[in-house]
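One structure is given here, and the rest of the page talks about it.
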Amino acid sequence: MRYSGFRVLKEALTGHKGWKPAWRAPAPKPHYDIVIVGGGGHGLATAYYLARQFRQHKVAVLEKGWIGGGNVGRNTTIIRSNYLLEGNEPFYEFSLKLWEGLEQDFNYNAMVSQRGILNLIHTDAQRDAFVRRGNAMILNGADAELLSPAQIRREYPFLNFNDARFPIKGGLAQRRGGTVRHDAVAWGYARGADQRGVDIIQNCEVTGFRIETGTCVGVETSRGFIGAGKVGVAVAGSSSRVMAHAGMRLPIESHVLQAFVSEGLKPVLPGVITFGAGHFYCSQSDKGGLVFGGDIDGYNSYAQRGNLPVIEDVAEGGMALFPGLGRVRLLRLWGGIMDMSMDGSPIIDRTHVCGLYFNGGWCYGGFKATPASGWCFAHLLATDTPHPTATAYRFDRFERGRMIDEKGMGAQPNLH
Amino acid sequence: MIIDHPLLGPCDAQEFVYKGDARLIDRPDGMAEEAHVAFFDYAYLRDNPAGVHRELWFHEQGDRSWLVVTRNTVTHAIVQVELARDVARAGGRGT
Ligand SMILES: Cc1cc2nc3c(=O)[nH]c(=O)nc-3n(C[C@H](O)[C@H](O)[C@H](O)COP(=O)(O)OP(=O)(O)OC[C@H]3O[C@@H](n4cnc5c(N)ncnc54)[C@H](O)[C@@H]3O)c2cc1C
């Protein structure tokens, strides 16, 4: 069934009796050409592009819970391509371009909203760094614009421009950045993949890999053995746990990141603002809630909930930048488990086991990467060669000293 | 989280800086054959378990001692706190 304005009108006039479930609930088959482990954004996007772009139709996505219950449904929905380094920027710009055509492509309203993202500048050193980053973005075909305090004041008059410690001295804007409705991304990819023959199997936990003479021939699951020509793992925060079944230790630690939503307000924030110096970022959802967050808690965690010190830190950062926030009531807060890599950048690569592929290490920034990550992982799975924008995301970069460390923090995941 | 410091008693985890897996105490021998392989493993690879994890916390805003905290990464419950010095010595360091 195609979704369209006409369809909505027709259903409205006929009592909404014609809508069908957006994807099937098939029983697992004994064998697939490609099995994707993890029904988050990345796993579902991979399956979608495998079917749509690479004509692979005997594909299954295995999800231990329900699709969209992981980080794809827990993030703060920001998309952007404002990276500095060679290994990253072309990939994230590819992703942003895919976002721009995504809704037409998969015929689903994902509420892609290019409302712009603004990184605030408070010091000369920060301005130098942001100018350099903006130039790197422009060199890679992305958009970037340096704004003066006066320009920012026009769009965000309520910010605290004269904070004693972090006065606003300007900002780096990416107008094509913005937000997307996160659950709709999971659902849209799931529906699009399902329509092209992919089996999406929920409540199916992968508990092991069957590896025979160095080749992965399938996965052990809570619903029995499922054979596979190739297995692609995209389980985000669970990466280390799942890959341990293949005897691998990863350059990854799992950390918790919290997010917050306020009560609904009238439109106040036109775009996304980030206050890196104060560990705070914020946007406003279409329902009116302020969606905000800050730093990761900073210790290994699989708890999907954080602790109070970070909540306090985020609230302080918010108050410093945006004093009006003090009047707003907090509605909800939650946490998600992120696969923090040793250099802050992801991995999309083969493993030492033939037929076993890995996608992970997305840290707190993998939502924006969803389309490109799916596309590039599908490319790798289907053709056994990396996509041109993802050639740097190799496992062996740590061994070979070719880290992609945007912040220059070294092998300390909680600092990325 | 409250860390029960062996010398100072219960302290707020906010006073500490988190370093990661306590295996970092066991620094490989840089002069050994194949030291680069051992250092790659040491610097970059982690067990990252869901469950009991031994990890290093530095009491930066306190007595500046390094602690080995045994903590459950699923519940955040802390089950044991030791001075990293004692753990290192028990492992044969500094002798
Ligand atoms: C609070 C928060 C805010 C964030 N904000 C942003 C943001 O603004 N912008 C941005 O770009 N990124 C953001 N991120 C990061 C982003 O959400 C993640 O990097 C990204 O969603 C991870 O990929 P995924 O969608 O595939 O993960 P997930 O949705 O977590 O998918 C992984 C799936 O694997 C499943 N799984 C795990 N183990 C198994 C198993 N053994 N068998 C079968 N299935 C298994 C899980 O159940 C899960 O559904 C944020 C993250 C959090 C937590």
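Condition test on A:Ala390, is it of a type in the set (Gly, Ala, Ser) and either farther than 27 Å from A:Asn300 by Cα or not assigned by TED's automatic domain parsing to the domain that holds A:Arg52 (or both)? Considered against the rule, which asks whether it is of a type in the set (Gly, Ala, Ser) and either farther than 27 Å from A:Asn300 by Cα or not assigned by TED's automatic domain parsing to the domain that holds A:Arg52 (or both), A:Ala390 comes out as yes.
So, in segment A:241-259, how many residues would count as being more than 10 Å from chain B (Cβ to nearest Cβ) and part of a strand (DSSP E or B)? Walk me through it before giving the result.
Taking segment A:241-259 and keeping what is more than 10 Å from chain B (Cβ to nearest Cβ), we get A:242, A:245-247, A:257-259.
When the remaining residues are screened for being part of a strand (DSSP E or B), the result is A:257-259.
Final tally of qualifying residues: 3.
Elements of the type strands (runs of 3 or more DSSP E) sitting completely within segment A:316-365 and holding at least 2 residues that are within 16 Å of the ligand (Cβ to nearest atom) and within 30 Å of A:Gly288 (Cβ to Cβ): these cover A:330-341.
Selection of segment B:3-16 for residues being part of a strand (DSSP E or B) and either within 16 Å of the chain's Cα centre (by Cα) or surrounded by 15 or more Cβ atoms within 10 Å (Cβ to Cβ) (or both) yields B:Ile3, B:Asp4, B:His5, B:Cys11. Residues in segment B:44-77 that are hydrophobic (A, V, I, L, M, F, W, C) and within 14 Å of the chain's Cα centre (by Cα): B:Val52, B:Leu56, B:Trp57, B:Phe58, B:Trp66, B:Leu67, B:Val68, B:Val69. Every listed requirement among (1) among the β-branched types (Val, Ile, Thr); (2) surrounded by fewer than 23 Cβ atoms within 10 Å (Cβ to Cβ); (3) within 14 Å of the ligand (Cβ to nearest atom) is met by A:Thr389 save one, (3). Among the residues of segment B:3-16, the one identified as among the small types (Gly, Ala, Ser) and within 14 Å of chain A (Cβ to nearest Cβ) is B:Ala13.
With the structure loaded, tell me whether A:Gly18 is assigned to a loop (DSSP other than H, G, I, E, B) and on the phi > 0 side of the Ramachandran plot or whether it fails that test. Here the answer is no, as A:Gly18 does not meet what is asked. Please work out if A:Gly271 is farther than 18 Å from A:Ile311 by Cβ and more than 14 Å from the ligand (Cβ to nearest atom). No: the conditions fail for A:Gly271. Taking A:Tyr32, is it within 14 Å of the ligand (Cβ to nearest atom) and either among the β-branched types (Val, Ile, Thr) or buried (at least 17 other Cβ atoms within 10 Å of the Cβ) (or both)? When the stated conditions are applied, A:Tyr32 does not pass them.
I'd like to check something: does segment A:285-304 contain any residue that is closer than 30 Å to A:Leu62 by Cα, within 14 Å of chain B (Cβ to nearest Cβ) and of a type in the set (A, V, I, L, M, F, W, C)? Taking every residue of segment A:285-304 in turn, at least one turns out to be closer than 30 Å to A:Leu62 by Cα, within 14 Å of chain B (Cβ to nearest Cβ) and of a type in the set (A, V, I, L, M, F, W, C). Could you say whether any residue in segment A:75-96 is without any contact (Cβ under 8 Å) to a residue 12 or more places away in the chain and either within 14 Å of another protein chain (Cβ to nearest Cβ) or away from the ligand (no atom under 14 Å from the Cβ) (or both)? Within segment A:75-96 (the criterion being without any contact (Cβ under 8 Å) to a residue 12 or more places away in the chain and either within 14 Å of another protein chain (Cβ to nearest Cβ) or away from the ligand (no atom under 14 Å from the Cβ) (or both)), the answer is no, since none of the residues qualifies.
Just to be sure before I move on: is A:Ile226 in a strand (DSSP E or B), more than 14 Å from chain B (Cβ to nearest Cβ), in contact (Cβ under 8 Å) with a residue 60 or more places away in the chain and farther than 29 Å from A:Val112 by Cβ in the structure I sent? The answer is yes for A:Ile226.
In contact with a Cys (Cβ under 6 Å, 6 or more places away or on another chain), within 10 Å of the ligand (Cβ to nearest atom) and not in a helix (DSSP H, G or I) - does that describe any residue in segment A:59-70? Break it down into steps so the answer makes sense when it comes.
Here is the first cut: in segment A:59-70, the ones in contact with a Cys (Cβ under 6 Å, 6 or more places away or on another chain) are A:62.
Narrowing further to those that are within 10 Å of the ligand (Cβ to nearest atom): A:62.
Right, trim to not in a helix (DSSP H, G or I) and you get A:62.
Yes, because at least one residue in segment A:59-70 is in contact with a Cys (Cβ under 6 Å, 6 or more places away or on another chain), within 10 Å of the ligand (Cβ to nearest atom) and not in a helix (DSSP H, G or I).
Among the conditions (1) touching a residue at least 24 places away in the same chain (Cβ under 8 Å); (2) in contact with a strand residue (DSSP E or B) (Cβ under 9 Å, 6 or more places away or on another chain), A:Leu415 misses just one, which is (1). All conditions in (1) surrounded by 23 or more Cβ atoms within 10 Å (Cβ to Cβ); (2) away from the ligand (no atom under 16 Å from the Cβ) hold for A:Thr14, with the sole exception of (1). Candidates are the residues of segment A:297-327 that are surrounded by fewer than 17 Cβ atoms within 10 Å (Cβ to Cβ) and among the aliphatic types (A, V, I, L, M); the one that is nearest to A:His416 (Cα to Cα) is A:Ile311. Screening B:Arg71 with (1) surrounded by fewer than 17 Cβ atoms within 10 Å (Cβ to Cβ); (2) at pLDDT 95 or above; (3) among the basic types (Lys, Arg) gives one miss only, at (1). For B:Val79, only one of the following conditions fails: (1) surrounded by 13 or more Cβ atoms within 10 Å (Cβ to Cβ); (2) β-branched (Val, Ile, Thr); (3) more than 10 Å from chain A (Cβ to nearest Cβ). What is its number? In the conditions (1) surrounded by 13 or more Cβ atoms within 10 Å (Cβ to Cβ); (2) β-branched (Val, Ile, Thr); (3) more than 10 Å from chain A (Cβ to nearest Cβ), B:Val79 misses (1) alone.
Residues that are more than 12 Å from the chain's Cα centre (by Cα) and within 10 Å of chain A (Cβ to nearest Cβ) within segment B:17-38 comprise B:His36, B:Val37, listed in sequence order. Screening the candidates A:Phe209, A:Phe225 for the property of being over 30 Å from A:Arg2 (Cα atoms), touching a strand residue (DSSP E or B) at 6+ places or on another chain (Cβ under 8 Å) and more than 13 Å from the ligand (Cβ to nearest atom) yields one hit, A:Phe225.
All of (1) modelled with pLDDT under 95; (2) under 26 Å from A:Trp187 (Cα atoms) hold for A:Lys407 with one exception: (2). Restricting segment A:392-410 to residues that are more than 14 Å from every other protein chain (Cβ to nearest Cβ) and of a type in the set (Gly, Ala, Ser) leaves a set whose member that is surrounded by the fewest Cβ atoms within 10 Å (Cβ to Cβ) is A:Gly408.
The values are calculated or read from the model by the stated rules, or taken from the named source; none is laboratory data. All figures in this text were calculated on a predicted structure; none of them were measured in a lab. Ideal geometry is used to build each Cβ from the backbone, glycine not excepted, and the neighbour counts take in all protein chains shown.
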